[in-house]
Amino acid sequence: MTETAVIELTGLTKRYRLEALDTYALREVNLRIERGEFVAVTGPSGCGKSTLMAVMGLLLQFDQGRYRLAGRDVSDLDGDTRALVRNRHIGFVFQSFNLISELTVLENVALPLKLRGGVARRERERRAGAVLARVGLEERLEHYPHQLSGGQQQRVAIARALVGEPDLILADEPTGNLDSHSAEAVMALLAELNAAGTTLCLVTHDARLAARAGRIVPMLDGRMH
Ligand code: ADP
Ligand code: MG
């Protein structure tokens, strides 16, 4: 028996309907991501990369096709189950960091465990502290996001994505808001996490950054080829 893939998309189609106009953001996309892989999805603006990430992250429903996540068909889950599966299996990193400004670094990173429930506060903080040490921010636990540089904020977001030990981290243009030096550092961190076993799917339109991945998947006009 072959090992179960983390992601298996088959014939996935997503269209946006705006008044009379249909836009096909994804057209019969097939994609398989094995455990431990580092995949970079590349392509020009508007080709469907963010739609693909949102679908894989169970943030967006699709119109046709099947989606298996860690061996389970998640194509037709109801909203509550989608949220549970998302919390258990997926970590997100966004271009705009999406940290909560009223929470400290430690509280931001501990939040997914709080939402999951069943983990005592002390244990949540212990785990959050441990992943923050992994991303080199153990001295910043009580800081607030606005007190950090963009590169540091993105490392906090990566720690938050990691804390629940997800099967997969999805990163949509994670270096898009960073200067080239911080972008390199964030990419180096992602590559290091992958080398330690984390499965990663990254979206970028920067070919130089994509070259860090183990596999590059080009997209154009909603198709993968
Ligand atoms: P990328 O991330 O590669 O730039 P997107 O996935 O954001 O591409 O967009 C793919 C296509 O879907 C584009 O033509 C875009 O205009 C369209 N699109 C994206 N989001 C929406 C939406 N919420 N409503 C309507 N059309 C959308
Ligand atoms: Mg995008």
Check your understanding: What fraction, in whole percent, of alpha-carbon pairs in region 81-147 exceed 16 Å separation?
Key -> 51
Exercise for review: Can you list which of the GluC sites (Glu not before Pro) found in region 1-90 are DSSP loop residues with at most 11 other C-beta atoms within 10 Å?
Suggested key: E3, E19
Study note, to complete from the structure: Helix 105-116: inclination vs the chain longest Cα principal axis, degrees, rounded to 10, gives 50
Review point. Within the chain, what percent of beta bridges assigned by DSSP are antiparallel, to the nearest 5?
Key: 50
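Going by a ≥ b ≥ c, the root eigenvalues of the Cα gyration tensor, does region 34-116 fall in the rounded group (a/c under 1.5), the prolate group (a/b larger than b/c) or the oblate group? Mind showing how you got there, number by number?
Numbers: a/c = 1.83, a/b = 1.28, b/c = 1.43.
In terms of gyration-tensor shape, oblate.
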Point to revise | Efficiency of FRET from Cβ geometry, D78 and I100, R₀ 30 Å, rounded to 0.05 | key: 0.70
**Study point:** Cα gyration tensor shape of region 146-225, rounded if a/c is under 1.5, else prolate or oblate by comparing a/b with b/c
**Key:** oblate
Exercise for review: Report, in degrees rounded to the nearest 10, the 0 to 90 angle that the Cα long axis of helix 79-89 makes with the longest principal axis of the chain.
Suggested key: 60
**Study point:** Relative contact order for the chain, counting Cα pairs under 8 Å that sit 6 or more residues apart, in percent
**Key:** 30
Practice item. State the extension gain, in nm to one decimal, for the chain segment bounded by R32 and D63, taking 0.36 nm per residue of separation less the distance between their alpha-carbons. Key: 9.3 nm
Point to revise | Inter-centroid distance (Cα atoms) of region 110-171 relative to region 58-85, Å | key: 25
Point to revise | Inter-label distance for H143 and E19, nm, one decimal - labels placed 7 Å from Cα along Cα-to-Cβ | key: 4.7
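Starting from the Cα gyration tensor of region 77-205, take the square roots of the eigenvalues, sort them a ≥ b ≥ c, and report rounded, prolate or oblate (rounded when a/c is under 1.5, otherwise prolate if a/b is larger than b/c, else oblate). Don't jump to the answer; show the numbers that get you there.
Working: a/c = 1.58, a/b = 1.17, b/c = 1.36.
It comes out oblate by the Cα gyration axes.
All of the numbers you see were taken from the coordinates with simple rules; none came from a lab. Since this is a predicted model, take the numbers as computed values, not measurements. Virtual Cβ from ideal backbone geometry, glycine too; neighbours counted across all protein chains shown.
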